[in-house]
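Contents: one structure, followed by commentary.
The values are calculated or read from the model by the stated rules, or taken from the named source; none is laboratory data. Remember, it's a predicted structure, so these values are computed and weren't measured experimentally. Counting neighbours? That spans all protein chains shown, and the Cβs are built from the backbone with ideal geometry, glycine included. Accessible surface is based on the protein model in full, side chains and every heavy atom, while ligands, DNA and RNA are left aside. Shrake-Rupley method; radii C 1.70, N 1.55, O 1.52, S 1.80 Å.
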Amino acid sequence: MLYTSTRNKNVQISAAEAITKGISEDGGLFVPMEIPQVDAAFIASLQEKDYIERAVAVLGLFLKDFSEDELRAYARGAYGGGKFSGSSPAPVVAANDRLNILELWHGPTCAFKDMALQILPYLLTGSAKKIHNDKKIIILVATSGDTGKAALEGFCDVAGTGILVFYPVDGVSPMQKLQMTTQKGDNVGVCAINGNFDDAQNGVKAIFTAPAVKARLAENGYAFSSANSINWGRLVPQIVYYFSAYADMVNQGKLAFGEKMNVVVPTGNFGNILAAYYAKRMGLPVNKLICASNANNVLTDFIETGVYDRNRKFYTTISPSMDILISSNLERLLFMLSGGNDEEIRSLYRQLAETGTYRVSDAIAKAVKADFAAGYCDDAATRATIGRIFAQDGYLCDTHTAVAVTVYESYLAKTGDTTPAVIASTASPYKFSASVLDAVSGGEIHSADEFSMVHELEEKTGVPAPEQLRSLKGKTPRFTDVCKKEDMCKQVYAMLGIQ
Ligand SMILES: *Cc1c(COP(=O)(O)O)cnc(C)c1O
């Protein structure tokens, strides 16, 4: 199976090359040239399998240049060995008889990015070997919180790799900061920059694309790579859990085999929901994909009108991982719906770069509406949902999951579509303790800092906090460097020991 670029159909490369490169030179994203099809027997066979074997089966459909044994070793390394707590890395838990919650946050950093970032290092080092790239891979990350820690945990002590994370000094929560600055491992580095998230991201991009830096690294046996969410190696592991959820729903008697399910996803960069769309196109019985947004509702408008317009007010919300106005992975969907028309995609993304907006063709707009529904809610509604679901069902959900629940309940009321639904839950409630405590206590908080709030929330709800968050309190940071945004490249050289 070969991969092409959304902006240049002449590109035809292997999965290993697509994963090593991350993004195409023309600015496009890599997509498989055909979508593998599954039959009922394939889906039925997943019911008896554990998560690791489900991953081997689904990944094998896309990653044809990897052997089954290789994929099994990767999946075991990523999802076995006690890295995820509980009986499955991605269990479906019933909050009540309507809300089936796909909990994607039982990994080391308590957010769903672990599902992909635990396996990406294996895919990346395996890919580099296949294309005879013998350099040590250096991952550079600019983060506003969740991605940095998940990438650090994924690449920690992986042979043949190193990882450096930059974060805005005042731009992450105290909890996120301590999660990163206490990271263990001999191949990791973390540095704050004097600047905001855009400064960090621009700095990383500038380092990535400077030919002089690339040459200097090569002389020293290093090559850069990226762990961000446009890498195919991050998207493909996310397809697995929608198949897994379907098998679990059938096993739990929530679905008759072959019956369709709805999927609800709290969305930012459009990666997670796009993985569900791939699952549908492969033949998984999925009815509607329901795209849930917070006040940054650029995707709600797009799905309803066919116009993508990022020229709007940016809101800082209590579901910060969805505070995004450019949803990069949407480009992959548009490419598929255009029938693989690279010229059409180039034109849309030229318009987006020049004017901040585009309107898709009527054919694409219609196709989007056939598969997707969309909705959004504000912080007050998010808080109310957390409080109500906890009071009514004893189920505690985080702010991002609560956006999805809120949007799903309005969808249900509006459409009467009672197709059984699975709701992707993307973070542990304890990852956003301050907002969740605020929601369940009606604003009555007694703790002075986020770390004490973990304990207060635990006492208030009786829901146990993940050990890795509970034990953060009082830990001493290991990485305390703060650099000027102009000095990021120097910092990279210093961390790599390049003179
Ligand atoms: C990254 C993230 C999201 C958004 O996922 P996308 O794939 O970017 O749509 C939602 N919730 C949480 C907690 C996240 O970390």
So which lysines pass the test for K9, namely a Cα distance under 23 Å, with those fewer than 8 places away in the same chain ruled out? K21, K64
Taking K and R as +1 and D and E as -1, what net charge do the other residues with C-beta under 14 Å from the C-beta of I230 add up to? +3
If the only charges are +1 at each Lys and Arg Cβ and -1 at each Asp and Glu Cβ, what is the size of the charge dipole of the chain around the Cα centre, to the nearest 20 debye? 700
Of 340-352, 284-296, ordering from highest average Cβ density within 10 Å down gives 284-296, 340-352
Relative compactness, the chain, computed as alpha-carbon Rg over 2.2 N^0.38 Å: 0.93
Taking the solvent-accessible surface of protein heavy atoms with a 1.4 Å probe, what is the per residue accessible area of the chain in Å²? 39
Taking a cut-off of 17 Å, what percent of all Cα-Cα pairs in region 63-142 are separated by more than that? 57
Taking only the Cα positions of region 1-130, the convex hull volume per residue in Å³ is 145
Dipole of region 449-499, positive direction: furthest Cα of G497, F479, V463, with charges on the beta-carbon: G497
Rank A212, F66, L396 by how far each Cα sits towards the positive end of the charge dipole of the chain (+1 on Lys, Arg Cβ; -1 on Asp, Glu Cβ) and give me just the farthest. A212
Principal axis dimensions, region 1-55 - Cα atoms, whole angstrom, descending: 43, 20, 14
P(r) for region 373-499, please, calculated from all Cα pair distances in 5 Å bins and given in %. 2, 9, 16, 16, 12, 9, 10, 9, 7, 5, 3, 1, 0, 0
Amide H to amide H, which residues 5 or more places from G162 or on other chains are under 5 Å from it, using H placed in the peptide plane? I137, I138, I139
Nonlocal amide H pairs with I290, under 5 Å, H built at 1.01 Å: V263, V264, V265, A373
Given 4 °C and 1.567 mPa s, compute D for region 164-290 with the Stokes-Einstein relation, Rh being the Kirkwood radius over Cα pairs; round to the nearest whole µm²/s. 71
What is the chain's relative contact order, in percent, from Cα pairs under 8 angstrom and six or more apart in sequence? 18
Using θ = phi - 60° and the Karplus curve 6.51 cos²θ - 1.76 cosθ + 1.60, what whole-Hz ³J(HN,Hα) does each residue of region 84-93 get, with Gly and Pro shown as x? 10, 7, x, 7, 9, x, 9, x, 9, 10
For K260, list the lysines whose Cα falls under 27 Å from its own Cα; do not include residues on the same chain fewer than 8 positions away. K49, K113, K280, K288, K366, K369, K414
Quarter of the Cα convex hull surface for region 427-495, i.e. its orientation-mean projected area (nm²): 6.7
For region 350-448, how big is Rg over Rh, using alpha carbon atoms and the Kirkwood form of Rh? 1.11
Where the eigenvalues come from the Cα gyration tensor of region 55-207, what are the semi-axes √(5λ) of the equivalent ellipsoid, largest first, in whole Å? 27, 23, 13
Which residue, chosen from T267, M180, F243, occupies the Cα position most advanced towards the positive end of the dipole of region 147-301, where the dipole is computed from +1 (Lys, Arg) and -1 (Asp, Glu) charges on Cβ about the Cα centre? F243
